[in-house]
Amino acid sequence: MAKVSVLGCNEYNYKDLYHTLKQSIADLGGLEAYLESGKRVLLKVNLLMKRRPEEATTTHPLFVKALADILVEYGMEVVIGDSPGGPFNEKALKGIYEVCGYNEILGPKISLNTNYNGIHVNFDKGKLMKSLDVIEILTQVDYVISVSKLKTHGMTRFTGAVKNMYGTIPGLKKAEYHYTMPEIKTFSEMLVDVCYHANPVLSFMDGIVGMEGAGPSGGDPRQIGVILVSDSPYALDVVACQIVGINPLSVPTIERTIERNLVTQENIQLVSDKIEPYYIDDFNIPNIQGVGLLKNKVPKWMDRIVDYVIKPKPVIDKDKCVGCGECALCCPAQTIEMKKQPVIHMKNCIRCFCCQELCPVKAIEVYRHPIGKKMLKM
Ligand code: SF4
Ligand code: SF4
């Protein structure tokens, strides 16, 4: 049985966070059930990009601070880290740590990761990925804990504990994986392999203020008011989806984990409050259905037309764009040409929406043809 604790917490107040996290951990059986005191643990947070905590794109620093303090009191040495969307180097991470508020949460035995190396590892247990590149710090700690943010995602509908582990893949290597596995089924299979490899012993989710709509970075902050903790990242995602009204089976990563028997909805034990009081029935959930909807239902010669009408595509808002070039840098298909402003050559676009995810000023929108929009509602 996978255990999941769901407790209410309405604001980023250190005292409340500390006590709620302590209670969640106690609900799960205490740290001693999962960690040996005196060892080193990586808190794999979500630091997607340079965003202030109140923008709800990244795991809130006070949440991480309260958790790190609890772990240190127990006798752990804590390293906080992530490999965000762009390059994985000192310059990029320095700016991210600063803007995201992480420089203020350090203390004795609590540090930020400054090892920017990647390492190639074999992984026999992987379904798709028999070997992969990971951030070296992952191999230099005794335990990994996932500390994610509850958000929607334009490609995978939801991003939580499992997708958070994609940040164990170094920098632009993520773009390469996106490019070589553009289909959502294969991509989500790879994400589950990456999480399975990282093997978080505990998973925490900052669901106090999450993100709805065009997540994981272009959406809107939304008050949810919960902290979720589990001994299974797969079970945690199922419960988080239920809270915000997302059908877990409509999330490709959850579909894959169910296929692999990593979780079943019957094998989840709630060890804390009832979750019904936290349900949100008007959470803005992105529609990720694409061309697959009509696959095999139309003649082959219509594929291109269907593709044009149904498939969403990235569109630049020229008034918002500041010409920083981040989108061109992160595009796995290298199909964005930087002039004064970026130009997307759609022919090679794999619709991964990394550009939208990493645009610092939300200048890239996901456009869907009006006929396509109508068809998806049918
Ligand atoms: S243009 Fe954007 S959506 Fe298309 S491949 Fe590049 S990053 Fe992905
Ligand atoms: S679209 Fe966004 S990421 Fe791309 S150049 Fe403009 S501001 Fe930068």
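Restricting attention to the range 12-33, the residues that are part of a loop (DSSP other than H, G, I, E, B) and within 19 Å of residue 148 (Cβ to Cβ) add up to 2.
Just name the residue that is surrounded by the most Cβ atoms within 10 Å (Cβ to Cβ) out of those in the range 320-347 that are away from ligand 1 (no atom under 14 Å from the Cβ) and touching a residue at least 24 places away in the same chain (Cβ under 8 Å). Checked the range 320-347; the qualifying residue surrounded by the most Cβ atoms within 10 Å (Cβ to Cβ) is 324.
Under the condition of being modelled with pLDDT of 95 or more, part of a loop (DSSP other than H, G, I, E, B) and of a type outside the set (Gly, Ala, Ser), which residue from the range 72-86 is surrounded by the fewest Cβ atoms within 10 Å (Cβ to Cβ)?
Of the range 72-86, the ones modelled with pLDDT of 95 or more are 72-83.
From what is left, the residues that are part of a loop (DSSP other than H, G, I, E, B) are 75-76, 82-83.
Right, trim to of a type outside the set (Gly, Ala, Ser) and you get 76, 82.
Values: 76: 25, 82: 28.
Taking the candidates together, the pick is 76.
Assess whether residue 195 counts as being over 25 Å from residue 143 (Cβ atoms) and in contact with a strand residue (DSSP E or B) (Cβ under 9 Å, 6 or more places away or on another chain).
On the way: over 25 Å from residue 143 (Cβ atoms): no; in contact with a strand residue (DSSP E or B) (Cβ under 9 Å, 6 or more places away or on another chain): yes.
Taking the combined requirement at face value, the residue does not satisfy it.
What is the residue count in the range 118-135 for residues that are outside any strand (DSSP E or B) and without any contact (Cβ under 8 Å) to a residue 24 or more places away in the chain? Number satisfying all stated conditions: 2. Scanning the range 166-197 for residues being part of a helix (DSSP H, G or I) and farther than 15 Å from residue 262 by Cβ gives a total of 15. Among residues of the range 164-190 that are under 21 Å from residue 236 (Cβ atoms), those with a beta-carbon under 6 Å from a residue that is acidic (Asp, Glu) at least six positions away or on a different chain give the pairs 167/82.
Annotation: of all residues in the range 337-353 being at pLDDT 90 or above and within 21 Å of residue 215 (Cβ to Cβ), the one that is nearest to ligand 2 (Cβ to nearest atom) is 344.
The values are calculated or read from the model by the stated rules, or taken from the named source; none is laboratory data. Please read these numbers as outputs of a predicted model, since none were measured by experiment. Positions of Cβ are generated from backbone atoms using ideal geometry, with glycine treated the same way; all protein chains shown enter the neighbour counts.
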